[in-house]
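For reference, the structure is listed below as structure tokens.
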């Protein structure tokens, strides 16, 4: 089987990215697979490709509605019509309609909570599953801030479904988290293929600017850097302010994006950015998950991230085509205090949750809607008996301690005088070479490349789009 030929005809890419071909081959050989692939290396293609080759439905367990929606859109853009996201965003009538025809879908994205539903489980037992995918598998880790108790129960679901071919995917995982994933998601004593790839992306150069005048540094840099990019800000207000200033001072096509915008407007802005109608997007971390744009050249953090995990994921959205790109972080003394403020919100989360519990879940006050998607999932977990309120309280306190440690490591990255790339790799318990020193980081003598001399730094071939003929064939192909 010529996988590269299929890749080109079905997806329009001329080459696989690192790890993709190995993972796909493992699945096509009916081997359970556990893979750690960094952001920007095309994890979703692994199950999309295998799904095209295998008979039956690809069931993808995913933790966030926004992530599921992005993945559904990607498949629809590639011409796949038999795809649906089954989660709490569907109305009662929509759920009833979809659940009655689950077997009609080739790709079924589902939240872990919906997966545990008895009626859904009964229908899945009657279906032929080609592949069972656990996306964001690190959510199984009880020590991680994204812990979801439903993920621990997935192993029970796999048993009920007769242990179908399974793929566990995540972007970052320490050795201890990897072990938790193996324990909670795979059968004991069963052979699994493991593919772990470095978080390091050699084509993304790293730099930090410590300054008391971030606006001045930002405008000076953007005046010289005339390419597509994302500017990440911590607050919604900052995204709006910076976007307006860039439009006013530099005349660059810029927009802002955050969770406070209507859904339709967010979708429109995202599409304009993908189509290059917008050059720079000022956004909170609500933007970027699943973004299908390979030629982002700049990820600039106007504010520091809350953790290196978040930072690595966000900068990984640059240079997905393998071309040289920049990750720039602006830091002013005291920037981290906003994250201390958010950490103190753990106390507020507890108060809100306790009020909801004591009022016997009277959501008329609007308190439930004031919670984030993850917080709502915690509350739902309490409601369905996954854990007691005391266990939930303990989990939130543990989350705060973990966040404090992660923020400390982020500040260490900012202040280090040594190689930033090695610092990141050490944090994720990796060892390896950093590649070319002059394109590594500011502490290694980095000089920013210009648009004119932009070149491909990575020797590994990236996914590149094929000609317009193949694209038209895919767009108008009728699925059999």
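No lab work stands behind these numbers, since they all come straight from the coordinates. All values derive from a computational prediction rather than experimental measurement. Here the Cβ is made from the backbone with ideal geometry for all residues, glycine too, and neighbour counts use every protein chain on show.
The calculated FRET efficiency for the pair residue 21 and residue 215, based on their C-beta separation and a Förster distance of 35 Å, comes to about 0.20. Within segment 235-312, the ratio Rg/Rh, alpha carbon atoms throughout and Rh by Kirkwood, equals 0.93. Based on the alpha-carbon gyration tensor of segment 3-197 and its eigenvalue square roots a ≥ b ≥ c, which shape applies: rounded if a/c is under 1.5, prolate if not and a/b is larger than b/c, or oblate? Note, shape of segment 3-197 comes out rounded. Let's test the formula: R0 of 30 Å, r as the Cβ-Cβ distance of residue 190 and residue 128. What FRET efficiency results, to the nearest 0.05? According to the calculation, E is roughly 0.90. Listed peptides 417-427, 308-318 appear in the order 308-318, 417-427 once ranked by packing, highest mean of other Cβ atoms within 10 Å at the front.
Taking square-rooted eigenvalues a ≥ b ≥ c of the alpha carbon gyration tensor, is segment 198-272 rounded, prolate or oblate, where a/c under 1.5 means rounded and, failing that, a/b exceeding b/c means prolate? Oblate.
Oblate is the label for segment 37-92, because the ratio a/c of its alpha-carbon gyration tensor axes (a ≥ b ≥ c) is 1.5 or higher and a/b is not greater than b/c. Across segment 3-197, the mean sequence separation of Cα contacts (distance under 8 Å, 6 or more residues apart), normalised by length, yields a relative contact order of 29 percent. Using C-alpha pairs under 8 Å with a sequence gap of at least 6, the mean separation divided by the residue count of segment 134-211 gives a relative contact order of 33 percent. Taken over segment 152-229, the ratio of Cα radius of gyration to 2.2 N^0.38 Å equals 1.89.
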